[in-house]
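Asker: One structure, as structure tokens, below. Some questions next.
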Amino acid sequence: MTLADLTRGQRGRVKDLRAHGLLRQRLLDLGLVPGTPIQVKFVGRGGSPAAYYLRGSLFALRRETAEQILVELEGASL
Amino acid sequence: MKESCLAALAGNPNTGKSTLFNALTGLKQHTGNWPGKTVEMKKGSFQHHGWTCEVVDLPGTYSLTPASPEEEAARDFLRSGNSDAVVVVADATCLERGLHLALQVMQLTPKTILCLNLMDEAKRQRLRLDVDELEGELGIPVVPTTATKGEGLEELKDAIIRVAQGQLQPRPVPVGSDADEPAAALYRRAEEIAARVARGSPVPRPSLTSRLDKLVISPGFGIPFMLALLAGVLWLTLVGAGYPSELLAAAFSRGERHLSLLLNTAGFPRWLHDPLVLGMYRGLAWVVAVMLPPMAIFFPLFTLLEDFGLLPRIAFNLDRSFQRAGAHGKQSLTMAMGFGCNAAGVVAARIIDSPRERLVAVLTNNFVPCNGRFPLLMVMGGVVAAAAPALAGGWVPSLVVMGAMVVSVLATLLVSRLLTATILRGEPSFFILELPPYRLPRVGTVLVRSFLDRTLAVLWRAVVVAAPAGLLTWVLANVSVQGVTLLSHFSAWLNPLGRAMGLDGMILLAFTLGLPANEIVIPILLMGYLSADSLLAVEDLAAMRAVLTANGWTWLTALNFIIFALFHWPCGTTLLTIRRETGSCKWTLLAALLPTALGICLCIVLTIIVKLWPM
């Protein structure tokens, strides 16, 4: 499952990145390395963009980008 | 022993690096570009214990992978070995990301200091960090600071000087690297260190930021909230500017009498006195009296909201629409800059990496009205309000301006869609937007900086243009060929097109002469209408309305005027900026043609509809 499949409040852990090149580098720079916990905090109109809580800060990604991030579901809370 | 040194500030975005830079260097700053790059460089200096330390503020980056011009600039500087000390500014509340950058910097230079900024926020989150342990783990000096309150600055300056002098020699602990994915290895090490130095368990509680965000970026309330905020800001600007504008106008008119007396006493002939006083001085007075008060209110308010952290939220809310238009997410930020100044918005488009999407942002920036066009909209709002006194007076001008702004955003989206569906087709590139926590702005600093950096800068540019434009208009209105002034000749020539658009030749001429700066359009127009030998005195809105009505203005004329004020060619400065940024005359021409064509079409269509409407 990908980050885009998580709904508001759900938590996951990064498994892998599908992205290549510059996008992969950027996501790694933000700390999206395997094993990193991530949580969906806000979802915009129509599901994109959404804001994710990651290593102490909030980042917004569009749906196409969130689909590049493979995660496993961990649970939910807000 | 050398008495001066060079230090660099590196850090992630939103760690308070700029605040720290301002706190270290005060107002002794200058900005420029990195050699050969379109990345802004800020430099400043401070004195400490007899030392003079120059400080370079490197661009805020998440890493030193040379993938963007910013990172390349930062990396090249650190590699050059020119700096005597490098301060990595980290957000104490998200240590891992800061450590990730610090570990990279340490690989390039041993003279690294870690500055743990935002310690007050960490305390609020009951997050305690063992600084000694952190120094041990990294092998470099660590200084906790709260830049907004000036806490820890002396210690940081001490550390910089001592590292630069060589008294303090950091010995960075090396990190085992993973050749495939160095970022993963660095983050694992960062996690390890962060876990080891954290003391006590922070109590997670719903922060002010997440409670506010539930309103500000919610799918239902986000957009209405933004519109309400915009209406409030405009209302404050318009209501607040009224009285100071009157005072300034009165002062300028007293000044005019003194100036006139002075020139007459000095024996200036009439042909020199009139263009100087009635052309130049009055043009200048109009621009200052009309523009300074709203700008002195609008810019600080805008800067306060920006400092508070609202801009990324606005980008978040608007992003759905920008996605549909095929535009880059950062285009909403360059558009927001355009409301201040279109030339600045065009320059800001550099933050978009993809050339195609940057071009879309550059070509559409002029569709939103800049601060120089606000006075046109405000005055027209006043004209509309005066026509309908029954309506709640104070709100009408601000509603008119707000309506114009909403229309301009819709036009931006529509034209972006048009461009990305035709000549600028392509896959959208990715977009990552950080939403930093809301931070209370430091009101005093914001007021001073927004006044110095924005208000005075924009005003100065307007003044430089207004004086010669006033002079030129006076000449055109007073030099006659075959008994008719040049101004009348030109306006007669433009009249057929103007009539078709529900305007007239004089209005089009005023916009044409207003090319250097839109602020001058209304004074030129009034002067043309009065066919008098000078610009109208500034203070009287009612008299102005009478002049407009006498020249056949109706509500349709005012509406068409507003449309054309929104959609016509960019001002001279913006055109030159587009030429410089795109390096192409072709794109510059298109940037001028697009809004002009839209404006002309809209006005003609509206005029035809209204005339055919059975009433």
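The values are calculated or read from the model by the stated rules, or taken from the named source; none is laboratory data. Because the structure is a prediction, the values reported are computed rather than measured. All Cβ positions, glycine included, derive from the backbone under ideal geometry; neighbour counts span all protein chains shown. Only protein heavy atoms, including side chains, enter the accessible area calculation; ligands, DNA and RNA are left aside. Shrake-Rupley method; radii C 1.70, N 1.55, O 1.52, S 1.80 Å.
Asker: Suppose the filter is among the aliphatic types (A, V, I, L, M), within 19 Å of B:TRP51 (Cβ to Cβ) and in a loop (DSSP other than H, G, I, E, B); does B:LEU168 pass it?
Answerer: yes
Asker: With the requirement that a residue be away from every other protein chain (no Cβ under 14 Å) and of a type outside the set (Phe, Trp, Tyr), what does segment B:315-339 give you?
Answerer: Matches in segment B:315-339: B:THR334, B:MET335, B:ALA336, B:MET337, B:GLY338.
Asker: Of the residues A:LEU27, A:LEU32, which is open to solvent by less than 10 Å² (accessible area, probe 1.4 Å), under 22 Å from B:LEU101 (Cα atoms), in contact (Cβ under 8 Å) with a residue 12 or more places away in the chain and in a helix (DSSP H, G or I)?
Answerer: Answer to the selection: A:LEU27.
Asker: Return the residue satisfying two criteria in turn: it lies in segment B:331-368 and is part of a loop (DSSP other than H, G, I, E, B) and surrounded by fewer than 24 Cβ atoms within 10 Å (Cβ to Cβ), and of such residues it is nearest to the chain's Cα centre (by Cα).
Answerer: Looking at the filtered set, the residue picked out is B:CYS341.
For every residue, the table says whether it meets (1) modelled with pLDDT of 95 or more; (2) over 20 Å from A:GLU72 (Cβ atoms).
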{"site": "A:ARG26", "(1), (2)": "no, yes"}
{"site": "A:GLY31", "(1), (2)": "no, no"}
{"site": "A:GLY35", "(1), (2)": "no, no"}
{"site": "A:GLY46", "(1), (2)": "no, yes"}
{"site": "A:ALA51", "(1), (2)": "yes, yes"}
{"site": "A:SER57", "(1), (2)": "no, yes"}
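Asker: Further question: Count, please, the residues in segment B:411-434 that happen to be within 14 Å of chain A (Cβ to nearest Cβ), surrounded by 13 or more Cβ atoms within 10 Å (Cβ to Cβ) and of a type in the set (D, E, K, R).
Answerer: Residues that pass the stated criteria total 1.
Asker: Would you check which residues across segment B:494-527 are touching a helix residue (DSSP H, G or I) at 6+ places or on another chain (Cβ under 7 Å) and of a type outside the set (A, V, I, L, M) and list them?
Answerer: B:ASN495, B:GLY498, B:GLY502, B:ASP504, B:GLY505, B:PHE511, B:GLY514, B:PRO516, B:ASN518, B:GLU519, B:PRO523
Asker: Of all residues in segment B:194-215, count the ones that are more than 19 Å from B:PHE316 (Cβ to Cβ) and either touching a Pro at 6+ places or on another chain (Cβ under 8 Å) or at pLDDT below 90 (or both).
Answerer: 9
Asker: Can you tell me which residue in segment A:54-78 is farthest from the other protein chains (Cβ to nearest Cβ), limited to those that are open to solvent by less than 40 Å² (accessible area, probe 1.4 Å) and aliphatic (A, V, I, L, M)?
Answerer: Among residues in segment A:54-78 that are open to solvent by less than 40 Å² (accessible area, probe 1.4 Å) and aliphatic (A, V, I, L, M), the one farthest from the other protein chains (Cβ to nearest Cβ) is A:VAL71.
Asker: Continuing with this model, one more query. If you take the residues of segment B:37-66 that are surrounded by fewer than 17 Cβ atoms within 10 Å (Cβ to Cβ) and part of a loop (DSSP other than H, G, I, E, B), which of them is modelled with the lowest pLDDT?
Answerer: B:LYS37
Asker: Only one of B:PRO300, B:PRO312 is under 27 Å from B:SER218 (Cα atoms), touching an Asp or Glu at 6+ places or on another chain (Cβ under 7 Å) and not polar (S, T, N, Q). Can you tell me which?
Answerer: B:PRO312
Asker: Is it the case that segment B:15-36 has a residue that's of a type in the set (D, E, K, R), farther than 30 Å from A:THR36 by Cα, touching a Gly at 6+ places or on another chain (Cβ under 6 Å) and more than 14 Å from chain A (Cβ to nearest Cβ)?
Answerer: yes
Asker: Follow-up. Kindly evaluate B:PRO312 against the criterion of being away from chain A (no Cβ under 12 Å), at pLDDT 90 or above and open to solvent by 20 Å² or more (accessible area, probe 1.4 Å).
Answerer: Taking the combined requirement at face value, the residue does not satisfy it.
Asker: Still on this model: Determine whether B:LEU103 is at pLDDT below 95, among the hydrophobic types (A, V, I, L, M, F, W, C) and surrounded by fewer than 24 Cβ atoms within 10 Å (Cβ to Cβ).
Answerer: Here the answer is no, as B:LEU103 does not meet what is asked.
Asker: If I ask for residues that are surrounded by 22 or more Cβ atoms within 10 Å (Cβ to Cβ), within 9 Å of chain B (Cβ to nearest Cβ) and of a type in the set (A, V, I, L, M, F, W, C), which ones from segment A:36-53 would you list?
Answerer: The answer is A:PHE42, A:ALA51.
Asker: I want to confirm something. Restricting to segment B:75-97 and keeping residues that are of a type outside the set (D, E, K, R), part of a helix (DSSP H, G or I) and out of contact with any Gly (no Cβ under 9 Å at 6 or more places or on another chain), which single residue is farthest from the other protein chains (Cβ to nearest Cβ)?
Answerer: Residue satisfying both the conditions and the ranking: B:SER80.
Asker: Now a separate question. Can you work out which of the residues in segment B:435-459 that are open to solvent by less than 30 Å² (accessible area, probe 1.4 Å) and over 11 Å from B:PHE308 (Cβ atoms) is nearest to the other protein chains (Cβ to nearest Cβ)?
Answerer: Across segment B:435-459, the extreme among qualifying residues is B:LEU435.
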